[in-house]
Amino acid sequence: MAVNPMDVLSVYKKTGGLMEQAGAASAPAAAGGGERFASALKTFIGDSVDTMHSGEKAADAAATGKANLASVATAIDNAEIVLDEIIAIRDKAIAAYQTITSSAI
């Protein structure tokens, strides 16, 4: 099942808004936390894309014989680590989304 990260952010923001409307003690932190979470997620995704691109460029340079094998291996390993992180975050987001959508309101 493919989940759009923007849908997850939307659910997160709506949850913070519900807490604020209910007058919960932690409502200001929840409402402001949504924006900080979105900003952190946007930064992480941007950095991840940059790392993946550098891995691709290193692989291209290795194919043409213009790069040092050690630097290529390092760049590809970094890209693999980032991909593993993205997959783990995606899995957690899907699990959270499924929990939220299956909860009774």
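In the set G32, G65, G17, G46, only one residue is modelled with pLDDT under 60 and loosely packed, with under 14 Cβ neighbours inside 10 Å; that residue is G32. Please verify whether A93 is within 30 Å of F37 (Cα to Cα), in contact (Cβ under 8 Å) with a residue 60 or more places away in the chain and among the hydrophobic types (A, V, I, L, M, F, W, C), treating the condition exactly as stated. For A93, the condition - within 30 Å of F37 (Cα to Cα), in contact (Cβ under 8 Å) with a residue 60 or more places away in the chain and among the hydrophobic types (A, V, I, L, M, F, W, C) - is met. Filtering the stretch 60-90 to residues that are of a type in the set (S, T, Y) and either under 19 Å from D47 (Cα atoms) or in a helix (DSSP H, G or I) (or both) leaves S71, T74. Among residues of the stretch 38-50 that are more than 22 Å from D77 (Cα to Cα), those with a Cβ under 9 angstrom from a residue that is in a helix (DSSP H, G or I) and among the basic types (K, R), sequence gap 6+ or separate chain, pair up as A38/K13.
The values are calculated or read from the model by the stated rules, or taken from the named source; none is laboratory data. The model shown is predicted, which means the values in this text are computed figures rather than measured ones. Quick reminder, even Gly has a Cβ in these numbers, built from the backbone with ideal geometry, and neighbours come from all protein chains shown.
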